[in-house]
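Asker: Have a look at this one.
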Amino acid sequence: MASVGSLSSSTSNSIRGYGGLASGLDRDELIKGMTLGTTSKLNQQEQKKQKIEWMQEAVRAISDKMISFHGKYTETLTSSSNLFSSLLWGRNKITTSGANNKYVSVTGTASGADAMTILGIKQKAQNASLSSTGMASDSVLKSGNIDTNMEIETLKGKTLDFSYNGKSYSVTLDEGDFSTVEKAAEAIQDKLDKVEVEKAGADGTGSVKLGDVITVTGDTANGFTITADKVKRTEKAIKLNGGSALEYMGIAAKDFSIGTESESVSTDPAKGTKLKKDWAEMVAGQTVTFSYNGAEAKIQIANDADSIEDVRASLQKELDAKFGAGRILVKEDGGKLTFKTTIPGETEADKTTPKADTSSVLKVTGGSDEALTALGLSRGLTNRTNLDAKIDTDGFTKFTKEVEIKEVDENGVETTKKETQNWYKFKLNGADVEVKEGATVRDLMNAINKSDANVTVSYQEAADKFTFTSKVNGASGVIDFTENKGTGANATLAKIFGLESSDMDAKVARGDDAIVAVKYAGSDQVVELRRDSNTFTVDGLTMSLKGTFGYNEKGELENPNDVTNAVEINASVDVDKLMDTIKSFVADYNAIVDLVNGELTTKHDRDYDPLTSEQKGELSESEISKWETKAKEGLLYGDSDLRSLSMDLRVVVSGGLLTKFEEIGINLSSSYSDNGKLNIDESKLRAALETNPESVEKLFTSKAGTDAEGNETFNGLATNLKNVMDKYVKTTGSMETKGILIRKAGSKSAAQSLTQNTYYDQLTAIDKMIDKLKTRLKTEQDRYISQFSTLETMIANMNSQSSYLSSMGGY
């Protein structure tokens, strides 16, 4: 063995006890020498075990690469690169040619490609549809009726915000009379009395309400006072955080500090209280936010506006400034405001009225609640159809039904009750469409879409149109409202969706099937294919129609015998895919050949055996790594199984098969050192695939025997390799039928083989031998320790006697 520093090949042993105290002998070294025979045998077995483990790893590296190769090219049919797959070799690259090939795309397999020519496309398939005849609305945004005499209670709907003991509470003033200070204070107190802030009182029963710790009082002369009661709040932190109501009560938010007395905050005399507003106060200086084609702007009403005309003029001025003059026309119409989108600089036939711009979308998206209320506007109001507006149910069939209503109480307990409700229905495609009383346009659309009518209705905001589309393809799909004739329902639906009720009473909208004229090879007959979709499969081909051609205005096929303008379907192999697959196959095959022959021909350097534990203890990790890399080399040199595998790989392409492969550009390397690796002439191989792909496929996939005509056939390259792979790395079946390398070293791809292989058996036997030698070594050490202990005792006794005698003699 090569020298490793100053190490010997012995194994370091720890020997119990101490020796040499009386004799002066180095007991441990003597015992090591006396047990050297057993220690050497133990080291040899451990080194032998390490070698076998490395050999097992090396064989598994080869088998793993072969298993991967097998799955990729010769075994798993679902693999896109499997050489036996028709999907790889088939004429699956479908193309079309001809002046009209832009109107159709074709994919699929070659089975029907050469047998069919497309002469024309009469019509494309389309599902039955029905759309608004014009715009569903008049494209004008309208306010509700404006009452300039209206008044509002300013506290109604406002909020007061408190925090109690670290938790926040917002109280909405939505119940009661807020017309005077006295009545408003009473209404606020009633509301506070209902807000629970603690589950239990001081005595552990009942609950604490916000009204228990906050008191609101007021009178017209002095305004409002909010008091935090010292006794009732039991010294827990209280704060008046704010709220929209404070502005109108003339009160500022305040912390109530803990003291001996109750604390309060009152109306600021300088601000006073304002519990009512008239119409002018509701709109003057307030804002309304509009969206025009997606651009949003906040429009402020003039501070001195006190009439509808003032408001109209103010809005017109601001809208012109924000979105451009002449784009939005604001008018007063019978106590309402109208907003119409117009085209700048263009007029109707009367030369004075601005021309309507029906393409633009105008919406109210926000603003002061008071201003919106006073002007009869609401968020979401638009110059398009308002999908949240309630529908008219005139002509619908009224009926009642009992429905279950789920409610959740203040404690989170859910209960169910039954309620009788008014409902309405009409017929669509023979199915009932039902809506509840008070339903909106959106509810009506949802009811149609969820019904059994197999129809979808959608709304296009920009065009302000509704479109009904059948869910059933082609001519089988219909949109039929005719069962409502005479009920008035169609008139109501027509008004909602912008349809013609007379057409709905009399006509059924029906879809169209696709009609394609084809001619099959060997026949002069024209066949018209009818399908309910524009994408369909026929004779293994998937066609996607993109337009029409070949038919005249009368629906007749022009010149059926003239294929000049016909679409020819061509099928070819995917040469690029085949080239990539074969190149990858050859590269992976050569890698296996390299690996096998590298292990088989590399000689092991006998000076590099596995390191003992004592030797490893005196080396660095990098030194150990370098040593073991060298020690692993050549362990499979001359291995009989690898020699057999190498020979089998050499002959997978040989003899007459080699000659045939050379003709298509695949040949054996001329270098002897390459040990049977393959080379590719790419230009020659591509030419062979383009001109005669079937012959190339046969060279890879044929099997020995005779064909249907009695000609002798041979095993192709892929067939031979499949046999080799099965022989050496088959992972299925019993252990007796598994591949040679699997039986030799095992594989993770065959779990059973991990504990049933040749190397595993050898390692198990070595482990038993190592255990036996360790037991023998311990026995020997114990025996020698005992003998040395006896010797030490004897020498100690003799030394003691000698000292005694010396003392008796006077020496």
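The values are calculated or read from the model by the stated rules, or taken from the named source; none is laboratory data. Note that the structure is predicted; figures quoted are calculated from it, not measured. Quick reminder, even Gly has a Cβ in these numbers, built from the backbone with ideal geometry, and neighbours come from all protein chains shown. Heads up: the accessible areas ignore ligands, DNA and RNA and are worked out on the full protein's heavy atoms, side chains in. Shrake-Rupley method; radii C 1.70, N 1.55, O 1.52, S 1.80 Å.
Asker: Between segment 429-452 and segment 238-281, what is the C-alpha centre distance in whole Å?
Answerer: Centre-to-centre distance over Cα atoms comes out at 49 Å.
Asker: Return one number: the angle in degrees, 0 to 90 and rounded to the nearest 10, between the long axis of the Cα atoms of helix 308-323 and the longest principal axis of the Cα atoms of the chain.
Answerer: 30 degrees
Asker: Could you pull out the GluC sites (Glu not before Pro) across segment 438-505 that fall in loop regions by DSSP (anything but H, G, I, E, B) with no more than 14 other Cβ atoms inside 10 Å?
Answerer: E461
Asker: Per residue, how much accessible area does segment 378-426 show when a 1.4 Å probe rolls over the protein heavy atoms, in square angstrom?
Answerer: 68 Å²
Asker: Give a residue-ordered list of calculated ³J(HN,Hα) values for segment 33-49 (Karplus: 6.51 cos²θ - 1.76 cosθ + 1.60, θ = phi - 60°; whole Hz; x for Gly, Pro).
Answerer: Taking θ as phi minus 60°, the curve returns x, 6, 9, 4, x, 5, 4, 5, 5, 5, 4, 4, 5, 5, 5, 5, 4 Hz for segment 33-49.
Asker: While we're on this one: With +1 on the Cβ of every Lys and Arg and -1 on the Cβ of every Asp and Glu, and nothing else charged, how large is the dipole of the chain about its Cα centre, in debye rounded to the nearest 20?
Answerer: Result for the chain is approximately 2600 debye, rounded to the nearest 20.
Asker: Could you state the angle between the C-alpha long axis of helix 758-808 and the longest principal axis of the C-alpha atoms of the chain, as a value from 0 to 90 degrees rounded to the nearest 10?
Answerer: With both axes taken from Cα atoms, the answer is about 60 degrees.
Asker: Enumerate the amide H contacts of K276 below 5 Å, restricted to partners 5 or more residues apart or on another chain; note that Pro and chain-start residues carry no placed amide H.
Answerer: For K276, whose amide H was placed from the backbone, the distant partners under 5 Å are T154.
Asker: Assuming R0 = 56 Å, can you tell me the calculated FRET efficiency for the pair D588 and M150, based on Cβ-Cβ distance, to the nearest 0.05?
Answerer: Details: r = 86 Å, r/R0 = 1.54.
The value I calculate is 0.05.
Asker: Could you sort S458, S502, S670 by accessible area so the largest value comes first, with the probe set to 1.4 Å?
Answerer: The ranking, largest first, comes out as S670, S502, S458.
Asker: For segment 674-811, build the convex hull from the C-alpha positions and give me its volume per residue in Å³.
Answerer: Per residue, the Cα convex hull of segment 674-811 comes to 241 Å³.
Asker: Relative contact order, percent, of the chain when contacts are C-alpha pairs under 8 Å separated by at least 6 residues?
Answerer: 19 percent
Asker: Taking amide H atoms as placed 1.01 Å from N in the peptide plane, list the residues 5 or more away in sequence, or in a different chain, whose amide H sits under 5 Å from that of Y551.
Answerer: I121, E558
Asker: OK, next. Of the options Y73, L240, A491, report the single residue whose Cα projects farthest towards the positive end of the charge dipole of the chain (beta-carbon charges: Lys, Arg +1; Asp, Glu -1).
Answerer: Sorting the options by dipole projection puts first Y73.
Asker: Which entry in (i) 77.3; (ii) 36.9; (iii) 45.3 matches mean projected area of the Cα convex hull in nm² derived from the coordinates of this structure?
Answerer: Computing mean projected area of the Cα convex hull in nm² and matching it to (i) 77.3; (ii) 36.9; (iii) 45.3 gives (i).
Asker: Mean separation of Cα pairs under 8 Å and 6+ residues apart, divided by the residue count of segment 328-482: what relative contact order is that in percent?
Answerer: RCO, segment 328-482: 14 percent.
Asker: To the nearest 10 degrees, how steeply does helix 640-650 sit against the main Cα axis of the chain, on a 0 to 90 scale?
Answerer: 60 degrees
Asker: Now, a different point. Per residue, how much accessible area does segment 22-171 show when a 1.4 Å probe rolls over the protein heavy atoms, in square angstrom? Don't skip to the answer; put the middle values down first.
Answerer: Working: 6960 Å² over 150 residues.
In whole numbers, segment 22-171 has 46 Å² accessible per residue.
Asker: Further, regarding this structure: For the chain, what is the mean residue ellipticity at 222 nm derived from helices alone (per DSSP H run of n ≥ 4: -39500 (n - 2.57); sum divided by total residues; nearest 500 deg cm²/dmol)?
Answerer: It comes out at -10500 deg cm²/dmol, rounded to the nearest 500.
Asker: While we're here: Could the peptides 737-747, 597-607, 794-804, 376-386 be put in order, highest first, of the mean number of other beta-carbon atoms found within 10 Å of their residues?
Answerer: With the highest mean Cβ count within 10 Å placed first, the list reads 737-747, 376-386, 597-607, 794-804.
Asker: Here is a follow-up. Solvent-accessible area per residue for segment 237-351 at a 1.4 Å probe radius, Å²? Provide the component values of the computation, followed by the final result.
Answerer: Numbers: 5890 Å² over 115 residues.
With all protein chains present, segment 237-351 gives 51 Å² per residue.
Asker: So, one more: On the protein heavy atoms, probe 1.4 angstrom, tell me the percent of accessible surface of the chain carried by carbon and sulfur.
Answerer: On the way: 19500 of 42120 Å².
Using a 1.4 Å probe with all protein chains present, the chain comes out at 46 percent carbon and sulfur.
Asker: Between T415 and E437, what is the FRET efficiency for a Förster distance of 22 Å, r being their Cβ-Cβ separation, to the nearest 0.05? Could you put the intermediate results ahead of the total?
Answerer: Details: r = 24 Å, r/R0 = 1.07.
So, using R0 = 22 Å, E works out to roughly 0.40.
Asker: Cα centroids of segment 392-408 and segment 575-590: how far apart, whole angstrom?
Answerer: 69 Å
Asker: So, by mean Cβ neighbours within 10 angstrom, what's the order for 344-355, 295-306 with the highest one leading?
Answerer: Put in order of decreasing packing, that is 295-306, 344-355.
Asker: I've got another one for you. Any chance you could check the Cα centroid distance between segment 591-652 and segment 86-106 for me, in angstrom?
Answerer: Their Cα centres are 53 Å away from one another.
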